[in-house]
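The values are calculated or read from the model by the stated rules, or taken from the named source; none is laboratory data. As the structure is a computational prediction, the values presented were derived from the model and not from experiment. We place every Cβ from the backbone using ideal geometry, glycine too, and count neighbours over all the protein chains shown. Just so you know, the surface numbers come from the protein's heavy atoms only, side chains and all, with ligands and any DNA or RNA stripped out. Shrake-Rupley method; radii C 1.70, N 1.55, O 1.52, S 1.80 Å.
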Amino acid sequence: MVTGTDKRLEEFRVKFLPKLVDAFHPRLVLAFGSRARREALTHSDLDLLIVSDAFRDIRWLDRPVRVIEKLGLSMGVDMLCYTEEEYGRKRQELGIVRTASEEGVLLIGNPVDYGPV
């Protein structure tokens with residue numbers, strides 16, 4: 001995992017992460033992509049992977065919208081929102097979830113809790 005962060009990621013961590021915890025009780029939150037790698041351009045968005053069983057009864061496409069609305073996010077953010085069961089399956093597949101789990105900046109939890117890749 002990458003250590004160190006950029007300005008937008010730090011803003012999320014300080015201003016919005018506590019609200020995310022209060023509203024959705026996530027077991028895992030990872031930042032990934034260019035901001036996590038510290039390669040972002042000025043207007044790059046923040047990529048987040050959020051794992052919470054609070055998403056269980058929310059349609060997959062509606063989950064990021066609910067998070068953005070609940071947190072009052074004013075910055076550009078792309079989110080992948082999964083239940084624990086969904087995340088456990090997705091992280092076994094080749095793709096963005098596995099990459100984010102291996103290379104992302106850990107904000108809450110530990111991907112290892114979901115078994116080996």
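Within segment 1-58, the set of residues being open to solvent by 30 Å² or more (accessible area, probe 1.4 Å) and in contact with a helix residue (DSSP H, G or I) (Cβ under 8 Å, 6 or more places away or on another chain) comprises MET1, VAL2, THR5, LYS19, ALA23, HIS25, ARG27, ARG37, ALA40, ASP53, ALA54.
Yes/no matrix, rows are residues, columns are (1) of a type in the set (A, V, I, L, M, F, W, C); (2) closer than 14 Å to ALA31 by Cα:
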site	(1), (2)
ARG66	no, no
LEU71	yes, no
LEU80	yes, yes
GLU85	no, no
GLN92	no, no
SER101	no, yes
VAL112	yes, no
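Residue count for segment 98-117 satisfying the condition of being of a type in the set (A, V, I, L, M), part of a helix (DSSP H, G or I) and over 17 Å from ASP45 (Cα atoms): 1.
Among the residues of segment 78-104, those identified as open to solvent by less than 40 Å² (accessible area, probe 1.4 Å) and touching a helix residue (DSSP H, G or I) at 6+ places or on another chain (Cβ under 7 Å) are MET79, LEU80, CYS81, TYR82, THR83, TYR87, GLY88, ARG91, VAL97, SER101.
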